[in-house]
Amino acid sequence: MSSNKKYWKSVEELNPSHSSAVETLKQKEFTQEIPVDEFLGDKETLESSSTTRRDFLKYVGFSTAAASLAACEGPVIKSIPYVVQPEQIIPGVANYYATAIANGYDFASVLIKTREGRPIKVESNSLAKANGGINARVQASVLDLYDNQRVVGPQKEGQETSWGELTAEVAQKLEALKGSDKSIVLLTQTFASPSTSKLISDFKQKYGNVSHVVYDAISESAAADAFQNKYGSRGLANYDFSKAQTIVSIGADFLGDWQGGGFDAAYAQGRIPKNGKMSRHIQFEANMSLSGANADKRVAIKPSQQKVALAKLYGKLFGTAVGGDLPAHLETAVNNAASELLKAGSNAVVLSGIQDVNAQNIVLAINEKLNSKAFDPNNPILTRQGNDKAVAQLVTDMNAGTVGAVIMAGVNPAYTLPNASAFVEGLKQTELSVAFTMKNDETASVSQYVAATSHYLESWGDLETKKGHYGLMQPTIRPLFDTKQFQDLLLELVGTSGSYHDFVKSYWNSNVLKGASWNDSLHDGVYVSSNSATVETADAFDSSTISGLGAAVTALAATSTSGMELTLYPKTGMGDGQQANNPWLQEFPDPLTRTTWDNYLTVSEFDGKALGFFLETSTFFSENSHDADGGLNGKYANVTVNGVTVKVPVIIQPGQARGTVGMSFGYG
């Protein structure tokens, strides 16, 4: 049956006066003339051309480029047939292996499709009851395995070295620092790995003056602090949106990457009408997000006003008077949301993406007050362990000269930290700096030793994504280069014999499986238990700076609003930026703006016109050259925060709250 629905491809189509201009754009693939002369010159100037790969592919097309490259004469490579063909490999027939990804931002139990021993595709593991779904970044991670920019072996001061030499020198320097007045710091990603936490604990026990600082590039530290203060362990509250009839979200894009993501499947279940009813979703936010686009009621609101709105929502639910000023329409929206929450009772849930420990304390209190069925603090999420205060203190201590050694794994603070320059200066004052990395990134370039680490498809490991929900990581291909895992070095430094595979297996048999089959768990890639086997390795938590509920509400209600406000968010394809050189993700269109390749500033049409960023249709389609490189309807803008200025193209985004702009993480 044919459908008479009409789907708008852009907001310009809504205006009948723009019909001719829109039609012109449809017939013109590229808005600017392609600089053909720049890259189709003579042979002598071709190599020095500044033309980008993107412009080249615009002109010749992918098929033409591939045909041209295939026609080039290459070396003759002779294939050697199997002497004894492995039983499990049949040419043309794919094999699948269960493993897991845990790169500090994305955590998932997955299936890897291989052909003749080469991983070619990532798929979901349907046996996983937690973190079994995958996103674009996880699917694209297989391409990172074959990245020609990977570090192929260990380095010392920019020169190639051997693992034996690196390990011996690191051990010698650590022994010299042992018992001294300078600390040894392990600065790592969130591993969420029971076996790794045990190794780090053994390392701390051997050297004594060791601190483990966990750093997440896109932090949920405020939520983790509030949870640890209330429940005694570091983690994040879990949510099951299939059990919620009323969802109120204040600044939390829970259908995106909020607190690690993975909530979309349960949310979709609640959106299926049952007996004429389905969940109702109210979203308060500044940027247009996936969650806002799917909401039944969306309220555009500035980040500062979100804090006041949350405080007033608390007051309505608890029956207390709360101050603070909000425009009349926002006050009405908060009152209506409170009424719906009270009506739904335990079938309601409230969540917030406000990076403020006071706000997160209030959210926990509201969900306990509602006795929310969707709110689960007993099985917390363990994939965000970063501590912003500990990272800030580390930078201070490094510059004060009290840190002797920093061993880093899975982090690139010289790229992702707001005060990256202070970190680099502090790192220069340490006696030992080691960076475990797959690429010669910004942090590796300023470290004494670069430890080439393995891709997760070449590695052994484990993870506990939520309390009692475990996953196993196994290699699906032999290491392509001379690489080593961070855990392998820890084993050598603490003097434990055997491989990391042996260590994981032994730890699981003793602490996780407790009689269950190792082979079955490895085959399935997942295991569920009622207990957690992860050892706490971070320094003692300081709760002295966390306010009580009354003070928290007062502080939020007193938040003032002035000027233009910036909201930073993780892009669906780019995440925290560690896969920024992955072409699949650079060419992945954003699901809302449909743009690719670069960062941009989202601005409302009202503010765009007031600030002079908006390009009228008449000028956009008639000018041969303009400032809209990357933005279809906006110019360039200079964004300055704390003295740092970034020049980005402007995208006029419908739904953007007035007085706010949005920009993505992941581009430096």
Quiz item: Which pairs do you get when a residue that is within 25 Å of S521 (Cα to Cα) and open to solvent by less than 30 Å² (accessible area, probe 1.4 Å), found in the stretch 83-102, comes within reach of a residue that is part of a loop (DSSP other than H, G, I, E, B) and of a type in the set (D, E, K, R), reach meaning Cβ atoms under 9 angstrom, with the pair 6+ apart or on two chains?
Solution: I89/E116
Quiz item: Got a number for residues in the stretch 253-288 being under 27 Å from A558 (Cα atoms) and within 19 Å of the chain's Cα centre (by Cα)?
Solution: 6
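From the list A409, A422, exactly one residue is among the aliphatic types (A, V, I, L, M) and farther than 13 Å from L187 by Cα. Which is it?
Working: A409 fails: farther than 13 Å from L187 by Cα.
None of the others qualify; the one that does is A422.
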Exercise. Would you mind finding the one in E464, E458, E431 that is crowded, with 24+ Cβ neighbours inside 10 Å, in contact with a helix residue (DSSP H, G or I) (Cβ under 8 Å, 6 or more places away or on another chain), touching a residue at least 40 places away in the same chain (Cβ under 8 Å) and of a type outside the set (G, A, S)?
Key: E464
Quiz item: So Q149 clears everything in (1) in contact with a helix residue (DSSP H, G or I) (Cβ under 9 Å, 6 or more places away or on another chain); (2) more than 24 Å from S529 (Cβ to Cβ) except one condition, right? Which one?
Solution: (1)
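Can you tell me which residues in the stretch 356-371 are among the charged types (D, E, K, R) and open to solvent by 40 Å² or more (accessible area, probe 1.4 Å)? Before you say what the answer is, go through the steps one by one.
From the stretch 356-371, those among the charged types (D, E, K, R) are 356, 368-369; that's our starting set.
E368, K369 - these are the residues of the stretch 356-371 that are among the charged types (D, E, K, R) and open to solvent by 40 Å² or more (accessible area, probe 1.4 Å).
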Exercise. Working only within the stretch 237-252, note down all residues that are crowded, with 22+ Cβ neighbours inside 10 Å and under 23 Å from D388 (Cβ atoms).
Key: A237, Y239, S249, I250, G251, A252
Quiz prompt | Selection from the stretch 174-201 of residues that are surrounded by 18 or more Cβ atoms within 10 Å (Cβ to Cβ) and either part of a helix (DSSP H, G or I) or at positive phi (or both) | solution = L174, L177, A192, P194, S195, T196, S197, K198, L199, I200
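Would you pick out the residues in the stretch 114-126 that are under 23 Å from Q485 (Cα atoms) and open to solvent by 20 Å² or more (accessible area, probe 1.4 Å)? I'd like the intermediate steps shown before the answer.
Of all residues in the stretch 114-126, those under 23 Å from Q485 (Cα atoms) come to 114, 117-122.
Selection gives G117, R118, I120, K121.
State the number of residues belonging to the stretch 97-113 that are farther than 20 Å from G573 by Cβ and either modelled with pLDDT under 90 or in contact with a helix residue (DSSP H, G or I) (Cβ under 8 Å, 6 or more places away or on another chain) (or both).
Applying the first criterion (farther than 20 Å from G573 by Cβ) to the stretch 97-113 yields 97-100, 109, 111-113.
Okay, now just the ones that are also either modelled with pLDDT under 90 or in contact with a helix residue (DSSP H, G or I) (Cβ under 8 Å, 6 or more places away or on another chain) (or both), so 98-100, 112.
Counting residues in the stretch 97-113 that are farther than 20 Å from G573 by Cβ and either modelled with pLDDT under 90 or in contact with a helix residue (DSSP H, G or I) (Cβ under 8 Å, 6 or more places away or on another chain) (or both) gives 4.
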Quiz item: Which condition number does G92 fail, the rest of (1) of a type in the set (G, A, S); (2) under 30 Å from Q578 (Cβ atoms); (3) modelled with pLDDT under 90 being met?
Solution: (2)
Quiz item: Can you tell me which residue in the stretch 127-169 is farthest from G525 (Cα to Cα), limited to those that are open to solvent by less than 40 Å² (accessible area, probe 1.4 Å) and part of a strand (DSSP E or B)?
Solution: Q155
Quiz prompt | Residues (closer than 14 Å to D144 by Cα and part of a loop (DSSP other than H, G, I, E, B)) located in the stretch 442-456 | solution = T453, S454, H455
Quiz item: How do the strands (runs of 3 or more DSSP E) wholly within the stretch 287-385 filter down when requiring 2 or more residues that are over 29 Å from E464 (Cα atoms): which remain?
Solution: 297-300
Exercise. Kindly provide the set of residues from the stretch 592-605 that are modelled with pLDDT of 85 or more and either among the hydroxyl-bearing types (S, T, Y) or surrounded by fewer than 16 Cβ atoms within 10 Å (Cβ to Cβ) (or both), ordered by number.
Key: Y600, T602, S604
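Yes or no, residue by residue, for (1) open to solvent by less than 60 Å² (accessible area, probe 1.4 Å); (2) under 31 Å from the mean Cα position of the chain (by Cα):
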| site | (1), (2) |
| --- | --- |
| S339 | no, no |
| G345 | yes, no |
| A348 | yes, yes |
| K373 | no, yes |
| V395 | yes, yes |
Quiz item: Could you list, in sequence order, the residues of the stretch 299-356 that are within 24 Å of A224 (Cβ to Cβ) and either in contact with a His (Cβ under 6 Å, 6 or more places away or on another chain) or of a type in the set (D, E, K, R) (or both)?
Solution: K307, D356
Self-check item: Scan of the stretch 202-222 for residues that are at pLDDT 90 or above, in a helix (DSSP H, G or I) and open to solvent by less than 20 Å² (accessible area, probe 1.4 Å), ordered by number
Solution: F203, S221, A222
Exercise. Could you check how many residues of the stretch 399-427 are touching a residue at least 40 places away in the same chain (Cβ under 8 Å) and part of a helix (DSSP H, G or I)?
Key: 3
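The values are calculated or read from the model by the stated rules, or taken from the named source; none is laboratory data. The model shown is predicted, which means the values in this text are computed figures rather than measured ones. Reconstructed Cβ throughout: ideal geometry from the backbone, glycine too, with neighbour counts over all protein chains shown. Quick note on the areas: whole protein, heavy atoms, side chains included, nothing else; ligands and nucleic acids left out. Shrake-Rupley method; radii C 1.70, N 1.55, O 1.52, S 1.80 Å.
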